[in-house]
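Here's the structure we're looking at; comments come further down.
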Amino acid sequence: QVQFVESGGGSVQPGGSLRLSCAASGSIFMFYTMGWYRQAPGKQRELVAAIHSGGIPNYAASVKGRFTISRDNAKNTVYLQMTSLKPEDTAVYYCNALNTQNPWGQGTQVTVSS
């Protein structure tokens, strides 16, 4: 199994930016399609961005044009650059490989509030 450690969350005002990082253990990271997920209070976890092992990204409609996912396979790390943040982006953000049984990390809290 691969383990993930998320970091970079915080509290920002609407319109602000944050960059999340996710460090993965294990040498097979480069073969995974990686995703950033989020879970808001009282809601189900949702996939907001994914990046294929070759670097092709996909985004949920709610974040397209504002979030950018990227990866550095040499560092076993995936990133999520978030701009133009909105209060509805408030959630705990997690990373994981799609379609695997890897355990979830602790996530990183993002709070967008004035």
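The table below lists the values:
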{"quantity": "The range 7-114 - share of DSSP beta bridges that are antiparallel (%, nearest 5)", "calculated": "90"}
{"quantity": "Neighbourhood charge, 13 Å Cβ-Cβ cut-off, centred on Met34 and excluding it, Lys, Arg +1 and Asp, Glu -1", "calculated": "0"}
{"quantity": "Global geometry of the range 7-66, whether rounded, prolate or oblate, following the gyration tensor of its Cα atoms and the 1.5 cut on a/c", "calculated": "prolate"}
{"quantity": "Rounded accessible area of Thr111 (nearest 10 Å², 1.4 Å probe)", "calculated": "40"}
{"quantity": "Probe 1.4 Å, protein heavy atoms only - accessible area per residue of the chain in square angstrom", "calculated": "53"}
{"quantity": "Rounded percent of accessible protein surface that carbon and sulfur make up, the chain, 1.4 Å probe", "calculated": "49"}
{"quantity": "Those lysines that a straight Cα-Cα span of less than 21 Å connects to Lys43, excepting residues fewer than 8 apart in one chain", "calculated": "Lys64, Lys86"}
{"quantity": "15 Å beta-carbon shell around Tyr94, net charge (K/R +1, D/E -1)", "calculated": "0"}
{"quantity": "Neighbour net charge for Ser62 - beta-carbon separation under 13 angstrom, K R +1, D E -1", "calculated": "+2"}
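The values are calculated or read from the model by the stated rules, or taken from the named source; none is laboratory data. Model, not experiment: these values are computed from the prediction. All Cβ positions, even for glycine, are placed from backbone atoms using ideal geometry, and neighbour counts span all protein chains on display. Remember, those area values only see protein heavy atoms, side chains included, never the ligands or the DNA or RNA. Shrake-Rupley method; radii C 1.70, N 1.55, O 1.52, S 1.80 Å.
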